[in-house]
Each structure stands twice: as C-alpha cells, then as structure tokens.
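The values are calculated or read from the model by the stated rules, or taken from the named source; none is laboratory data. Keep in mind the model is a prediction, meaning the values are calculated, not measured. Positions of Cβ are generated from backbone atoms using ideal geometry, with glycine treated the same way; all protein chains shown enter the neighbour counts. The protein model used for the area step is the full one, side chains on, heavy atoms only, and it has no ligands, DNA or RNA in it. Shrake-Rupley method; radii C 1.70, N 1.55, O 1.52, S 1.80 Å.
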Amino acid sequence: MKPFIGSFPKQKCNKNTPKLMNKLIKTLALLVGLFQLSVAAQAAELKFGGPIDSSQSGTPSTAVGSAILTLDTDTNTFDISINISGLINDLTASHIHVGAPGESGGVIVDIGDMSVYDVIGDFYIYQANGISFPAANLVDLLAGKTYVNFHTTEYPSGEVRGQLPQIEDNNDSLVALSTRGLVNPGNGKASLLIGGLVLEEPKTILFRTVGETLGEAGVANTLPDPIFQVYKLDIGTGTNSVIGENDNWKEGGQQYKIAATGFAPHFDSESALLMTLDPGLYTINADAVQGAGIALVETYGINANGVGSTIASAAKPGPSQTFTILNAALQATGLDAVLDGPGPFTLFAPNDAAFLASFSQADLAELLADDADKAEDLQTLTGILMYHVIGNNIPSSALAQGLNTVSALSGLDFNVTVGPGGVTAQNGNVIETDIISSNGVIHVVDAVLAPFGIASELSSGAQSGSYKILSAALAAVGFDSVLDGEGPFTLFAPSDAVFLAAFTQEELDELLADDADRADDLATLATILSYHVIDSKILSTDLMEGTVSVPALTGIGLNVTLDSGMVSVQGANVTQADLVTPNGVIHFVDQILMPYGIGTTISDGGTTQSFTILNAALEATGLDAALDGAGLFTLFAPTDAAFLAIFSEAELNELLADDADKADDLANLAAILSYHVIGSEIRSTDLAEGVNTAPALTGVNLYVTLDSGTVTVQDATVIEPDVLAANGVIHVVNAVLSPSGVGSTITTNGLTESFSILGAALSATGLDAALDGAGPFTLFAPTDAAFLAAFTQAELDELLADDADKVDDLAALSAILLYHVVGLEILSTGLSEGVTTVQALTTEDLSVTVAGGNVTAQNANVTEFDILASNGVIHVVDAVLEP
C-alpha cells in the first residue's frame with residue numbers, strides 16, 4: 001500500500017494560495033509517521049470470500065449469492081457481509097463451517113436464521129461487525145478450509161454454500177492517512193481531530209471515524225460516539241464548505257455499500273461515509289455527540305464501481321444513456337447501496353426515456369416525494385426496481401438463443417428472449433448490453449419491466465412458436481382477464497399449428513364469429529379452453545414418475561404423466577415446459593386436450609396407482625367401452641396389489657385366457673367387475689356421515705361408509721377419491737369388492753340404521769352364517785330401538801349370556817329371529833295393495849300389508865325398503881315382530 005500524494009493540476013491561484021498550500025503540506029508531512037503506522041495496521045486485515053451457490057452443496061437449488069469476510073488478525077475478530085437470493089424455502093439457519101471444497105465439517109460460528117437478515121423480496125442481506133473468530137480455526141480459514149452454509153426447510157443439511165478463500169487486497173486501497181488524537185467537545189473547536197486529503201483525479205473515498213474500535217486494540221479512554229464533517233477547500237477563495245457528514249454509519253443510507261468495502265466500523269455508534277470526489281483538497285473534522293476520548297480519523301480509497309455506483313456515474317451528463325430517474329429511485333429506496341454490495345448482480349436498467357414512457361413527471365415526483373405516504377410509495381418503488389435485478393452475473397454471452405427465464409430479486413420470474421431481431425427482456429428491448437461493474441453487469445432496456453400474467457405472456461410472443469389462435473380464443477370468452485388474475489394457474493397451451501390440425505380455418509372462424517349462434521359457440525369454446533387450465537401451479541419439477549390426475553377448470557380430471565423425463569397430458573406431449581409467470585406457469589402441448597371417459601382414464605393410468613390388471617379385465621369383458629359411454633358412472637377401482645391379494649397370477653391368467661371355458665370365465669369376471677360400478681356419479685363430497693347405500697350394476701347394494709373423513713366401501717378403503725372423468729368419477733380402493741349376504745350385511749355393514757343388537761343375536765345363534773347361505777331370503781330387520789322397546793337391557797343381556805341356561809336362551813332367541821325371515825326374496829315392488837301372507841322360517845304366517853303407500857309387517861312399520869344383498873333383500877322395521 002502507498003500514500004496517494006501527487007502533483008496538483010494547474011489552476012489559477014490568488015495571493016492566499018501559497019500560504020494555504022504550505023500549511024497543508026506541512027500538516028501532511030507531520031502526519032507521515034501516523035500514516036505509515038496506519039498502513040501497517042491495515043495490513044493486519046485480511047479478506048476472504050467468494051460466490052455462494054448450489055454447485056458447492058450438490059442440491060438442485062438455483063439460489064446464488066456471495067460473502068465477504070474481513071478478518072482483523074490483531075484481535076481475531078471479523079466483519080462479514082452476505083447477500084443471497086432465490087432460496088427454495090425460508091432460511092432456517094446459517095453458519096460458518098470448517099471444511100475444504102467438497103467436504104463438510106462442523107460449525108465454527110453461528111450466523112442465524114432469516115430473522116437476523118434484512119429481506120427485500122427474494123433477497124437476503126446480512127452484515128455484522130466485530131465477531132470473534134475461534135483461534136483454533138484460524139489455520140483452517142487461512143488455508144481456505146472454511147465455508148458458509150445456508151440451511152432451509154427443504155434442505156436441512158444446506159441448500160447452498162460458499163467457500164471462503166483469501167482475497168488479494170487492493171494495493172491502492174489506502175489513499176491518504178490516519179490521524180489519532182483526543183477529541184473533547186468541552187474545549188470547543190480547539191479539540192477537534194482533523195485529517196487532510198489531496199486528490200489529483202476523481203476517486204471514491206471512504207471516510208470513517210472510530211472510537212470504540214480502538215478499545216479492541218487496547219487503547220484506553222476511547223471516544224464513545226464520534227461524528228464528522230467533510231469539507232472541500234476552494235483554493236480560489238480560501239473557504240471551506242461542508243460536502244458530507246455522518247453520525248452512526250448504519251443510519252446514513254449506505255449500510256450495505258460501506259459493509260461491502262470491508263472497512264465498515266465495528267460499532268454502530270461509529271461513523272463512516274462513502275463519497276465520489278473530484279480532484280481537490282479535502283479535510284475531515286471529527287467531533288463527538290457526547291463525551292470525550294481518543295478517536296481515529298481514516299481515509300480509504302475504494303474501487304467502488306459496483307452496479308449502484310455505475311448507475312450513479314452514468315446519471316451525470318455525457319454517457320450514451322441517461323439514468324437520472326433510475327439513480328434517484330435507487331438512492332431513495334437505498335437500493336443503490338445494496339447494488340454496491342458483494343453481488344453478483346445483473347441490472348436491467350431502464351433509461352430516463354423508459355421511465356417517462358411509463359410514468360408522468362407528476363407520478364415520479366409523487367413516488368419520490370417526502371410526504372405522508374412516503375413509506376408506501378418507496379415500498380412500491382422498491383418492488384418495481386427489484387424486478388429489474390437478478391442475483392447473478394449474466395452477461396449477454398451467457399444467454400441462450402430463444403427463451404431464458406430468470407428470477408428477479410423481487411421473487412418473480414421474467415423472460416429474456418434472444419432472437420433474430422435482438423434481445424428482449426419481458427416487455428422491453430435490450431438496447432445496450434454488458435456495462436461491466438466490479439460486482440456484476442448492466443443491460444440497458446427501453447421500458448420499465450412489468451410482470452406478465454399467463455394470458456399477457458402468451459400474447460406477448462416471448463415464447464417460441466405462434467399462439468395467436470389460443471390468445472384470440474381466450475380473449476373471446478373472457479379468459480384472458482381470468483388468466484392474468486391472481487391465480488395461480490397452469491395452462492396447457494396448444495400452438496396455432498395444433499389448432500389447425502384439429503379444426504379447419506372455417507370452423508375456427510365460425511367459433512369466433514359474431515353471428516346468431518355466437519353465445520353457443522363461445523360456450524363450446526369456453527368448455528374446450530377450460531379443460532386446458534388447472535387452478536394451481538404445477539411445474540414439471542413437481543411431478544413424480546408416473547401419472548397423476550388433477551381436475552381442470554371443467555371439474556374433469558387431466559392425466560399428467562412423467563415418464564423418464566418426458567411429460568404428457570391426456571396423451572399430448574409437452575413440447576416446452578415451465579414458462580413461469582407471476583401468477584402461474586405455461587406448458588406447451590402438441591395436441592388439443594380432450595376429456596377421457598372412465599374406461600380410458602383407467603387404461604391411460606390416470607391416477608397415482610397401477611391398474612394393469614383392472615385395465616386388462618375391463619378390456620377382456622368389453623366393460624372399458626361401456627365405461628366410456630354416455631352414462632354417469634362411479635367406479636371403485638382396485639389396484640394391481642388389491643387383485644393380487646385375492647387371486648394368484650395363475651388364477652388371473654386363467655380368467656383372461658383364450659381357452660375352452662373363456663365364455664364362463666369372462667362372465668364371472670364381468671360379474672365381479674360390475675359389482676364395482678354404480679350407475680350414477682357419487683363423489684366423496686356427496687356422502688353423508690355414516691353408511692350410504694347404492695346398487696351396483698349387478699343390482700346388489702354397495703355399502704359406502706364415511707367415518708370422520710375416511711371412506712370405505714364393503715370391506716375396502718378408498719385410498720384415492722374423486723378421480724374425475726368426462727362421464728363420472730373413479731375412487732381407488734385397496735381391495736377387490738365382494739357382495740355381502742343378508743347375514744353379513746347386517747353384521748358388518750350396518751346399513752343406515754343401528755343393528756348392533758340384531759347383529760349380536762344373529763352371531764350368537766349362528767343365523768348370520770345361515771343367512772349368508774344360498775337363499776334367497778327376506779329379512780325384516782328390527783333396529784336397536786325396536787329391540788329395546790320389546791325387551792329391557794337386562795333381558796337382552798340374559799338372552800345372550802354364557803350361563804347355565806344358555807342353550808335354552810339361544811333356542812328362544814333363534815325362534816324370535818326366524819320369525820323375521822322368509823325363504824323368498826320379496827321386494828316392495830312385488831307387493832300389491834292389501835294384505836300378503838307369507839310363511840316365516842318358523843313355518844308361522846307373517847302378514848305384510850300395503851295401505852296407501854305405507855307398509856307394515858305384522859305389528860311393525862317398514863321404515864326402509866329393498867336393501868339388496870347378494871342372496872336376498874332386507875326391510876327395516878321399527879318393532880320386533882310377533883306372530
């Protein structure tokens with residue numbers, strides 16, 4: 001390092017000039033010793049740092065950032081400045097670890113979670129001073145064997161990290177001098193501390209005044225709260241004027257800019273100021289807010305040509321582009337300091353003309369005004385500006401031909417397209433590229449960039465291919481405003497060529513024509529388009545191998561398949577995936593999407609389960625075509641695992657074999673499959689709590705139970721409900737369904753009434769097994785309330801007790817129960833008005849009476865009819881029957 005003291009430029013002098021010059025030169029000469037000591041002291045500070053990214057952690061994260069650590073080797077304390085953007089999840093912890101590149105090790109210093117960071121959009125900023133570095137790990141730091149690690153909820157071991165190698169310091173970093181002495185405001189101006197500076201060319205200077213920092217080096221009686229003013233000497237008049245001042249360095253709007261230099265004071269109460277100065281003579285006068293003590297005035301030359309400073313320099317008259325408005329906005333929001341931080345950054349910089357094309361002078365003045373809503377205005381302005389910054393260094397040479405999607409610091413993506421006509425960034429043209437700064441690059445744009453919704457993105461033409469037909473169709477039905485709304489949405493977008501492969505130009509013209517049947521045409525078009533939209537954001541990276549069914553806006557399921565990296569939807573290939581917009585994502589497809597019936601949904605694998613056996617069985621019996629038919633259906637679909645739990649491979653092969661008994665096998669298979677289908681659409685949301693019954697296509701009832709959110713059917717559990725098809729719904733079940741006999745229906749399915757007493761009585765007497773026999777049977781089933789109206793609880797307990805007269809009790813109970821059973825299937829539709837007498841299994845007569853729509857059996861009212869079982873029918877009665 002060397003002092004920067006050179007010859008003065010030639011200029012006109014007055015009679016006071018020689019005296020002033022001699023005085024200044026003598027002052028500088030007297031300070032040479034202190035200056036040299038300062039150089040030696042500065043040599044004790046070492047810098048470490050570099051980029052932060054996922055290449056060092058091995059995760060797929062796209063987050064990037066950087067860290068600079070400045071170590072004071074005299075005190076083993078360090079300052080650190082970090083910026084990072086694009087983390088997949090919230091930051092849960094950050095540390096400095098020991099470990100060479102590619103290696104992991106233990107924590108040396110804890111930095112903290114996101115609560116200790118300043119967060120702007122998707123951008124995390126951290127700065128701290130005077131942190132103790134463990135002496136035991138200094139060798140690791142000096143050897144490049146330490147790294148910073150950033151832990152998130154999705155990557156608890158670290159989403160991104162950055163090694164901390166040593167950085168060669170700038171040999172010209174110390175410009176002039178350091179001055180140390182006593183500051184005592186009680187003695188007036190006689191006890192100020194004054195340092196001088198001579199510049200012969202423009203230079204960015206960091207001035208600082210420290211007090212408590214000296215205490216770390218063992219100095220006693222340090223100044224507790226220093227302040228300073230910077231003066232410029234007008235040689236022509238011999239007068240000084242204040243051109244800058246600072247009290248607490250973090251409160252001057254330059255916190256991150258100063259931190260990035262590596263020369264930030266260690267204590268918040270100390271002072272620092274960055275200034276870009278023209279050639280001339282300058283002094284810094286240090287004072288104190290209160291108290292007295294030893295202070296140090298220091299002056300450092302800084303290569304401060306970061307992105308923020310580059311824009312500030314370009315804001316002056318002369319360059320090809322002018323950025324006075326952008327510079328004012330960056331300074332007002334404090335983002336100029338952020339953009340002079342460690343970086344790296346890429347700034348898409350709107351010139352003055354771009355701002356004036358988007359805002360009136362009055363709007364700009366209001367955004368920058370110091371008025372009642374200043375905080376709100378600056379927040380709005382910050383959001384606009386952050387959308388122009390990427391937390392990475394992207395020169396034009398790094399952009400691929402075609403579409404490039406990048407993530408701004410605001411957290412929103414925007415699209416940069418390289419094409420034959422040049423480069424566009426979202427809604428702006430890039431009119432000047434690759435203005436290089438020390439921490440990144442600037443590209444000039446002719447518009448203030450604005451996020452697009454899905455519809456605007458599509459119509460902007462930023463993507464490859466032409467989508468004029470789709471854009472026109474969306475606008476015609478009013479979906480353009482919907483798809484530019486809050487979202488999120490996923491759009492599967494067919495190109496013009498895809499539309500023209502499915503429709504003639506005349507058909508498209510007719511659908512969009514303003515004619516007599518316009519309302520019907522637009523309704524048809526809306527249905528088609530709605531089937532291409534999902535009301536959630538699904539990226540290709542969200543998919544797991546296999547197929548998942550998701551409902552389109554029509555309510556009908558779309559089958560989205562990931563197969564060895566290739567994505568398809570309803571049989572259409574995704575030709576370009578993941579064009580991200582602020583309110584969702586667009587995937588481009590090579591076919592118009594058409595809804596599937598239940599049969600095709602199963603054959604196309606439209607759920608997260610495997611249905612190769614069910615699909616083969618449906619195709620063999622012809623039920624796949626029936627389930628793609630016009631009706632509404634509900635299919636309870638057993639998985640492959642469900643079939644293999646009750647059939648061996650050999651049995652399945654036999655059922656499907658083309659052999660002598662093929663007809664019988666397929667008839668049996670069709671009967672099994674038909675019991676899994678209801679001839680209406682029943683979604684899980686249609687179910688009432690408890691047991692719900694519906695007849696399968698076999699005519700035998702299925703018992704569907706909703707119990708605290710869990711759905712079961714017969715003895716199977718629904719493991720994936722409501723897979724929607726064009727003609728019904730599919731519920732995935734974990735077992736093959738079997739129809740229940742009359743006995744099992746009572747003892748296991750519970751119907752819509754409570755039959756715990758009847759079930760216990762049938763089980764105790766063995767009649768449950770008998771009523772599951774060949775049949776047919778008709779059971780008049782008394783509810784629990786009916787039993788308790790005829791017997792006390794004590795009498796029921798006695799009948800069922802395992803005691804000395806158990807045999808007699810069960811015989812009596814059997815006689816009671818058998819009087820409720822008829823050895824025929826008697827449906828309510830088979831009864832005629834009046835009295836029908838039938839014989840119960842006790843051989844006694846049982847009278848069933850139909851009178852004006854009411855049905856009675858002996859002394860009981862029939863409250864529920866025709867509950868079908870595989871071997872008969874059940875009617876619910878409100879009393880125990882008596883002969």
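General observations
- Test: residue in the stretch 506-523 that is in a strand (DSSP E or B) and surrounded by 13 or more Cβ atoms within 10 Å (Cβ to Cβ): no
- Scan of the stretch 713-724 for residues that are at negative phi, open to solvent by 40 Å² or more (accessible area, probe 1.4 Å) and part of a strand (DSSP E or B), ordered by number: Thr717, Ile719, Pro721
- Of the strands (runs of 3 or more DSSP E) that lie entirely inside the stretch 613-708, those containing 2 or more residues that are closer than 23 Å to Val873 by Cα and open to solvent by 50 Å² or more (accessible area, probe 1.4 Å) span 690-695.
- Residue among Thr575, Thr561 that is open to solvent by less than 40 Å² (accessible area, probe 1.4 Å), of a type in the set (S, T, N, Q) and on the phi < 0 side of the Ramachandran plot: Thr561
- Helices (runs of 4 or more DSSP H) (entirely within the stretch 769-875) containing at least 3 residues that are closer than 16 Å to Leu758 by Cβ, more than 60 Å from the chain's Cα centre (by Cα) and at pLDDT 90 or above: 806-818
- Of all the listed residues (Leu138, Leu164), the sole one being touching a residue at least 12 places away in the same chain (Cβ under 8 Å) and out of contact with any helix residue (DSSP H, G or I) (no Cβ under 8 Å at 6 or more places or on another chain) is Leu138.
- Test: residue in the stretch 525-537 that is in contact with a Gly (Cβ under 6 Å, 6 or more places away or on another chain), at pLDDT below 90 and not small (Gly, Ala, Ser): no
- Tally, over the stretch 858-873, of residues that are in contact with a helix residue (DSSP H, G or I) (Cβ under 6 Å, 6 or more places away or on another chain) and closer than 18 Å to Leu831 by Cβ: 3
- Some residue of the stretch 206-221 being farther than 13 Å from Tyr282 by Cβ, in a strand (DSSP E or B) and over 54 Å from the mean Cα position of the chain (by Cα): no
- For the stretch 542-557, a tally of residues being touching a Leu at 6+ places or on another chain (Cβ under 7 Å), without any contact (Cβ under 8 Å) to a residue 60 or more places away in the chain and open to solvent by less than 60 Å² (accessible area, probe 1.4 Å) returns 3.
- Among residues of the stretch 89-106 that are under 14 Å from Val148 (Cβ atoms), those with a beta-carbon under 6 Å from a residue that is open to solvent by 60 Å² or more (accessible area, probe 1.4 Å) and among the β-branched types (Val, Ile, Thr) at least six positions away or on a different chain give the pairs His95/Val107; His97/Val107.
- Breaking point among (1) open to solvent by 20 Å² or more (accessible area, probe 1.4 Å); (2) free of Cβ contacts under 8 Å to residues at least 60 places away in the same chain, for Leu381: (1)
Each row is one residue, and each column tells you yes or no for (1) surrounded by 19 or more Cβ atoms within 10 Å (Cβ to Cβ); (2) at positive phi.
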position: Gly218; (1), (2): no, yes
position: Ile243; (1), (2): no, no
position: Ile258; (1), (2): yes, no
position: Gly280; (1), (2): no, yes
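- Selection status of Leu367, surrounded by fewer than 16 Cβ atoms within 10 Å (Cβ to Cβ), part of a helix (DSSP H, G or I) and in contact (Cβ under 8 Å) with a residue 12 or more places away in the chain: no
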